[in-house]
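The values are calculated or read from the model by the stated rules, or taken from the named source; none is laboratory data. Being a predicted model, the structure only gives us computed values, none of them experimental. Neighbour counts are summed over all protein chains in view; Cβ atoms, including those assigned to glycine, are modelled from backbone coordinates with ideal geometry. The accessibility values were calculated without ligands, DNA or RNA, using every heavy atom of the protein model including side chains. Shrake-Rupley method; radii C 1.70, N 1.55, O 1.52, S 1.80 Å.
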Amino acid sequence: MKSLITLGLACVLCSPSFAQATKKPATGAKPATGAKSGTASKTAVSQPVVLKNAVDSFSYAVGTSLATFYKEQGIKDINNAMVLRALNDVKAGKPRLTEEQVNSCIMEQMQAVKSEKASAGKKEGVEFLAKNKTQPGVITTASGLQYQVITEGTGAKPTLQDKVKVHYTGTLLDGYIFDSSVRRGQPIEFGVTNVIAGWTEALQLMPVGSKWKLFIPSELAYGDNGAGADIKPGATLIFEVELLDIVK
């Protein structure tokens, strides 16, 4: 069984019945001191955390770690009461979800959040590719990959089993160069299947000596995950690729 933290979060994310609990107003509450006459203070006073022993410190650290991780993933809606319920259920040996359900639930929610974050980039890419396919010399394959021949080589075409040597420059739709072997002055070698799907497809179509411009939709690039700081989720990418050789 995974950690209690993971199970608790699964309970939060998985079931539709786990709606965020609404807070009931306290009865008989007095206006905070310093509030204007006739106006109750709307700002709750945060009480300092008192960590009396190692167990308190560990428990607070567990909660901090959990909250920080999922905040970084873009998870905003967490029912604290259900997290506590899950902790207690597991401690009592009566978890409501199996390990398989836990993993499935968390992965589904994480993917949903990723898809939401990627939606703007995907929309921009779809609009760009729709216009780009009408440009002279641009060819669109069945997968959605688009390419434009700059120079057509006369050598052999790589297969999935081959290793190739290439020069390339990668840009975003706004023209920002996020990576370039040309700038580094050093070609790169790799297996045809060890790169993003758009590259794998294009390389098998390119004779050695060719230089093509590739327009790669998100689903053939890094998808909803993005890559590094520059390639955002859902990004469509543009590459100039020169196939120098098939490495023996």
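Only loop residues by DSSP count here, and only those with at most 13 other Cβ atoms within 10 Å; note down the GluC sites (Glu not before Pro) in segment 91-185 that meet that.
Details: sites: Glu99, Glu100, Glu108, Glu116, Glu124, Glu127, Glu152; in loops: Glu152.
Answer in residue order: Glu152.
Loop only per DSSP, at most 11 neighbouring Cβ atoms within 10 Å: give me the chymotrypsin sites (Phe, Trp or Tyr not before Pro) in segment 124-187, ordered by residue number.
Details: sites: Phe128, Tyr147, Tyr168, Tyr176, Phe178; in loops: Tyr176.
Sites meeting the loop and neighbour criteria: Tyr176.
What part of the accessible area of segment 143-248, given as a whole %, is carbon or sulfur when the probe is 1.4 angstrom? Please list the in-between numbers first.
Numbers: 2450 of 4980 Å².
That fraction is 49 percent.
Pairs Lys71/Lys91; Lys117/Lys232; Lys163/Lys211; Lys122/Lys157; Lys114/Lys232: which are spaced more than 21 Å apart, C-alpha to C-alpha? Working shown, then result.
On the way: Lys71/Lys91 25 Å; Lys117/Lys232 9 Å; Lys163/Lys211 17 Å; Lys122/Lys157 31 Å; Lys114/Lys232 11 Å.
Exceeds cut-off: Lys71/Lys91; Lys122/Lys157.
Per-residue accessible area for Ile188 at 1.4 Å probe radius, Å² rounded to 10?
The accessible area of Ile188 comes to roughly 60 Å².
Multiply the residue separation of Phe128 and Thr193 by 0.36 nm, subtract the distance between their alpha-carbon atoms, and state the gained length in nm to one decimal.
Between Phe128 and Thr193, full extension yields an extra 20.7 nm.
Please give the per residue accessible area of segment 117-248, computed with a probe of 1.4 Å over protein heavy atoms only, in Å². It would help to have the intermediate numbers written out before the result.
On the way: 6850 Å² over 132 residues.
Accessible area per residue: 52 Å².
Applying 1/(1 + (r/R0)^6) with R0 = 51 Å to the Cβ-Cβ distance of Ala112 and Thr151, what FRET efficiency is obtained, to the nearest 0.05? All intermediate terms of the calculation are to be shown ahead of the outcome.
On the way: r = 43 Å, r/R0 = 0.85.
Efficiency, rounded to the nearest 0.05: 0.75.
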